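These notes are about the structure you will find just below.
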Amino acid sequence: MAWRSTAIATCISRIQKRAVSSKSRPTATRWLRGVATVTAQELTPNGDSMAIWQYCLPGSSPCTPAPGHDPGQFFQPQGIAIDGQGNVYVSEVDNNRVQKLTRDGKSIAVFGGPQSDAPGQFNQPFGITLDRVGNVYVADLLNNRVQKLSPSGQPLAVFGKGTGAGNGQLVGPRGVAVDTAGNVYVADHQNHRIQEFAPDGSFVNQWRRCEDDPAVCQFPNSGGGPGEFFYPRGVVADAAADLYVADSSNGRVQRFYQMVVPLPQPE
């Protein structure tokens, strides 16, 4: 199986709707991280606000959003994912935690916090996604790893073999995606590449620019050609296992689709 890249948007300066819809609800909703970095909003498909989850400064009217540390409050919310029951998972960079909330905004679990590199703890959790059975994958930015947690927050696995530019190593991962087969894709931000891992955590493949020996590709090199990246930030896998990558400093989104490459036939 091989991959091919197509740039589907080249002039994107911002994404206003960064969300997924829940198939368990008859009307799709979208989720938006508040620009004040302390809120989460629920939107209709037309972009109308349905609910805002935030902490208001005591006595402020109208609400003055402020960072909070208690359950149901936020400090630099960065990633959002929704499970099959409609529960919402929010990663918070400055609280070093992931909150699990009901769809009406009630906090029902907190994973992580305070800052740590211990299993199940985080140092600036960034991107977040779920697999088909509800396990949670978190790009643990400054710990240079991706953690896999159970739906209840128990650590299950770690993706990333230390800090560096070698195969399977990560520097500042910001985005993570999981396809229907359980393969994990990581936006390896500082290394200007996307890495693919098998469900067991072993390295499978990578997409990047290599100015040195392509067979070795030891050093991170940014690039603007197809299949090259300049600080990739987010990655999503669709139902067909196609990948969409927010190639942030190139100002574009790239799509990767799988190609079946015939095996050489014996002579």
Residue hits (segment 146-172; out of contact with any Ser or Thr (no Cβ under 8 Å at 6 or more places or on another chain), open to solvent by 30 Å² or more (accessible area, probe 1.4 Å) and assigned to a strand (DSSP E or B)) are K148, P155, A157, V158, T163
Restrict the check to segment 250-259 and report whether at least one residue is at pLDDT below 90, assigned to a loop (DSSP other than H, G, I, E, B), more than 17 Å from the chain's Cα centre (by Cα) and surrounded by 13 or more Cβ atoms within 10 Å (Cβ to Cβ).
no
Which numbered condition N95 misses (of (1) touching a strand residue (DSSP E or B) at 6+ places or on another chain (Cβ under 7 Å); (2) crowded, with 22+ Cβ neighbours inside 10 Å)
(1)
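Given G175, G182, G224, which one is part of a loop (DSSP other than H, G, I, E, B) and either at pLDDT 90 or above or within 19 Å of the chain's Cα centre (by Cα) (or both)? So that I can check it myself, show each step before the final result.
Numbers: G175 fails: part of a loop (DSSP other than H, G, I, E, B); G224 fails: either at pLDDT 90 or above or within 19 Å of the chain's Cα centre (by Cα) (or both).
Step by step, each of G175, G182, G224 is checked, and only G182 is part of a loop (DSSP other than H, G, I, E, B) and either at pLDDT 90 or above or within 19 Å of the chain's Cα centre (by Cα) (or both).
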I'm told F74 meets every condition in (1) closer than 21 Å to R97 by Cβ; (2) modelled with pLDDT under 80 except one. Can you identify the failing condition by its number?
(2)
For the list (1) crowded, with 20+ Cβ neighbours inside 10 Å; (2) under 16 Å from L149 (Cβ atoms), I need the number of the one condition that D117 fails.
(1)
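The values are calculated or read from the model by the stated rules, or taken from the named source; none is laboratory data. What you see is a predicted model; the values in this text were computed from it and never measured. All Cβ positions, glycine included, derive from the backbone under ideal geometry; neighbour counts span all protein chains shown. The area values use the complete protein model at the heavy-atom level, side chains included, leaving out ligands, DNA and RNA. Shrake-Rupley method; radii C 1.70, N 1.55, O 1.52, S 1.80 Å.
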